[in-house]
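What follows is a short report on a single structure.
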Amino acid sequence: MGSEGEPLATFAETSGRTIDAMFAEFDAANPALYERFKEITLALIAAGKTRYSSKTILCVLRYEHDVSTTASDDFKINDVVTSRYARKFVAEFPEHSNFFELRELLAERSPPKPPPGFLFAFDDH
């Protein structure tokens, strides 16, 4: 909950676009990032790891970027793309579908159904 009991705003409400749209744009602008994500993931699998955190891999990518550049650029990896990189990897390598824990995306959830007998109240003004 936000301040004074208000629900927190969604990503789309605060940014004006969906996470999927933001990821597609970010991924297209930074193709080497996924290639490195994939390289690290495959190295972990080759080392015998059976489960791992996609967030940890993104932290490694942030670190690698920060130590490899002296420029004060505005390169940032938003945490909301973490699950999208994991899903992209699993789509490319379905044989490793259990490597990352993929939770249900809120964007794919159906709205809750009202309980049986629930009546909608309409304002007739």
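The values are calculated or read from the model by the stated rules, or taken from the named source; none is laboratory data. Values in this document were obtained by computation on a predicted structure and should not be read as measured data. So basically every Cβ, Gly included, is an ideal-geometry build from the backbone, and we count neighbours across all protein chains shown.
Filtered by the rule that a residue be among the basic types (Lys, Arg) and either outside any loop (DSSP other than H, G, I, E, B) or at pLDDT 85 or above (or both), the range 54-98 gives Lys55, Arg62, Arg84, Arg87, Lys88.
Report yes if some residue within the range 99-114 is in contact with a Leu (Cβ under 7 Å, 6 or more places away or on another chain), modelled with pLDDT of 90 or more and either surrounded by 14 or more Cβ atoms within 10 Å (Cβ to Cβ) or of a type in the set (D, E, K, R) (or both); otherwise report no. Talk me through it step by step, then tell me what you get.
Taking the range 99-114 and keeping what is in contact with a Leu (Cβ under 7 Å, 6 or more places away or on another chain), we get none.
No: zero hits.
Taking the range 29-57 as the range and being in contact with a Phe, Trp or Tyr (Cβ under 7 Å, 6 or more places away or on another chain) and surrounded by 11 or more Cβ atoms within 10 Å (Cβ to Cβ) as the test, the residues that pass are Tyr34, Phe37, Lys38, Thr41, Leu44, Ile45, Tyr52, Ser54, Ile57.
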